[in-house]
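Below is one structure, written out as structure tokens; the observations come after it.
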Amino acid sequence: MQRSFTFGGYETTVTMTSRGRLWNALDDRSLLVADANTAAYLPVDRRLHEVPAGERAKSWPELERLLAGLLDADLTRDASVVGVGGGVVCDLTALAANLYLRGCRLVLVPTTLLAMVDASLGGKTGINFGGFKNIVGTFYPASEIRICPETLTTLPEREYRSGLAEVIKTAMLGDESLFETLEQEPERVAARDAAVLERAVWSCLDIKGSIVEADLTETGVRAHLNLGHTFAHALESVEGLGAWSHGEAVAWGLARAMELGGAAGITDGAYARRVRELLERYGYRVGPLPEAAQQIRAAMQKDKKRRGDRPRFVLQRELGSTLVTEVDSALVDRVLRGEGRRDYG
């Protein structure tokens with residue numbers, strides 16, 4: 001199966017394929033980029049640049065080392081740099097591909113659920129800087145994305161659940177049927193049922209793809225994809241990048257967004273409860289963290305959606321109805337301290 005998207009003049013082809021066909025039609029000049037967890041599973045006849053596993057790979061030193069690797073490999077603009085792995089590898093590889101020769105061909109092979117449904121598509125590149133998540137980056141869509149659902153069968157449980165949080169978020173943005181599947185069939189979802197996962201991946205790609213086609217550089221509707229992320233990125237920065245998985249932080253952020261939206265009179269109470277119950281059903285930590293409230297609030301001042309010194313929040317009225325708005329700072333503080341009401345309506 002295949003989909004094609006056009007993002008600001010860049011065309012991205014997404015192909016769902018088998019493990020046996022994953023490396024077909026890749027030029028021998030291509031350079032694979034993978035972390036230590038993934039490198040052992042790659043074909044031995046391919047050129048490889050290995051990066052550290054985890055968030056520490058998204059750094060200036062590792063970006064510089066990767067650029068040096070592209071130079072040493074004598075990679076030309078018509079050859080491909082191929083990022084194989086999760087969101088960290090996708091983000092780092094895409095940034096290097098954008099900078100090297102002012103742009104060389106980029107292929108991404110996401111091997112985690114989070115990377116399949118989110119990080120690989122849409123052209124965001126990035127590294128962490130100054131302790132803040134994805135604060136340095138560009139927009140550079142991949143020419144090709146190759147997805148092999150078989151890789152999800154061996155994914156560690158925590159990593160799988162990290163991606164599942166992004167699936168929940170994307171369903172909230174515009175797929176009532178997928179949201180109901182997540183609610184009604186948690187056993188199949190938890191068991192990584194192939195049919196359920198394939199449908200979820202395509203649904204998320206279609207939703208995200210249509211949003212990014214309308215707004216590549218996040219000047220408008222693309223900000224909706226950051227539902228829960230203002231809270232999540234601040235939490236990740238405060239707790240230390242990697243202490244919470246990205247998906248764990250997003251799930252926590254979705255709960256806070258529901259609570260803030262309800263307290264502000266924006267989010268329907270029944271819908272807010274429905275979201276919270278779904279997050280709890282999958283075992284995410286969704287309670288407030290009052291002991292870290294002040295630090296999280298300070299970290300929000302670095303959020304990329306802010307205007308002047310006022311952060312803006314992605315909130316929802318109900319499923320599929322999303323907006324970006326400023327909220328009274330006192331209300332935000334109350335929610336972070338756990339003083340906001342959580343049973344609206």
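The values are calculated or read from the model by the stated rules, or taken from the named source; none is laboratory data. This structure is a prediction, so every number in the text was calculated from the model and none was measured. For neighbour counting, all protein chains shown are included, and Cβ atoms are generated from backbone atoms with ideal geometry for every residue, glycine included.
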- Just checking, how many residues over region 209-228 are in contact with a Gly (Cβ under 6 Å, 6 or more places away or on another chain) and not aliphatic (A, V, I, L, M)? 1
- Do you know which residues across region 131-161 are in contact with a helix residue (DSSP H, G or I) (Cβ under 8 Å, 6 or more places away or on another chain) and of a type in the set (Gly, Ala, Ser)? Gly131, Gly137, Ala142
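Sort out which residues of region 58-88 are part of a helix (DSSP H, G or I) and in contact with a helix residue (DSSP H, G or I) (Cβ under 8 Å, 6 or more places away or on another chain), and write them in order of number. Steps first, answer last, please.
Taking region 58-88 first, the residues part of a helix (DSSP H, G or I) are 60-72, 87-88.
Hits for region 58-88 are Glu62, Leu63, Leu66, Leu67, Leu70, Leu71, Gly87, Val88.
Give the residue that is nearest to Leu279 (Cα to Cα), with candidates limited to residues of region 228-251 that are surrounded by fewer than 24 Cβ atoms within 10 Å (Cβ to Cβ) and touching a Phe, Trp or Tyr at 6+ places or on another chain (Cβ under 9 Å). Talk me through it step by step, then tell me what you get.
Initially, region 228-251 is screened for residues surrounded by fewer than 24 Cβ atoms within 10 Å (Cβ to Cβ), giving 237-245, 248.
Checking which are touching a Phe, Trp or Tyr at 6+ places or on another chain (Cβ under 9 Å) leaves us with 237, 241, 244, 248.
Numbers: Ser237: 22, Leu241: 22, Trp244: 16, Glu248: 10 Å.
Result: Glu248.
Test of understanding: among Gln301, Gln316, Gln295, which residue is modelled with pLDDT of 95 or more, among the polar types (S, T, N, Q) and in a helix (DSSP H, G or I)? Working first, answer last.
Numbers: Gln301 fails: modelled with pLDDT of 95 or more; Gln316 fails: in a helix (DSSP H, G or I).
Every option except Gln295 fails the conditions.
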- Query: Got at least one residue in region 238-257 being at pLDDT 95 or above, more than 24 Å from Asn128 (Cα to Cα) and not assigned by TED's automatic domain parsing to the domain that holds Thr38?
  - Reply: yes
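Rundown of residues vs (1) in a helix (DSSP H, G or I); (2) assigned by TED's automatic domain parsing to the domain that holds Leu66; (3) among the β-branched types (Val, Ile, Thr), yes/no style:
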residue	(1), (2), (3)
Cys90	yes, yes, no
Val117	yes, yes, yes
Gly122	no, yes, no
Arg146	no, yes, no
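Working carefully through the options Gly247, Gly261, Gly287, find the one that is assigned to a loop (DSSP other than H, G, I, E, B), under 30 Å from Glu176 (Cα atoms) and touching a residue at least 40 places away in the same chain (Cβ under 8 Å). Lay out the reasoning, then the answer.
On the way: Gly247 fails: assigned to a loop (DSSP other than H, G, I, E, B); Gly261 fails: assigned to a loop (DSSP other than H, G, I, E, B).
Criteria check complete, one pass: Gly287.
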- Filter result for Ile168 (within 26 Å of Ala25 (Cβ to Cβ) and either in contact (Cβ under 8 Å) with a residue 24 or more places away in the chain or of a type outside the set (Val, Ile, Thr) (or both)): no
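Taking the options Ala165, Ala195, Ala171, name whichever one is part of a helix (DSSP H, G or I), surrounded by 24 or more Cβ atoms within 10 Å (Cβ to Cβ) and out of contact with any Gly (no Cβ under 9 Å at 6 or more places or on another chain).
Values: Ala165 fails: out of contact with any Gly (no Cβ under 9 Å at 6 or more places or on another chain); Ala195 fails: surrounded by 24 or more Cβ atoms within 10 Å (Cβ to Cβ).
Sole residue among the options that is part of a helix (DSSP H, G or I), surrounded by 24 or more Cβ atoms within 10 Å (Cβ to Cβ) and out of contact with any Gly (no Cβ under 9 Å at 6 or more places or on another chain): Ala171.
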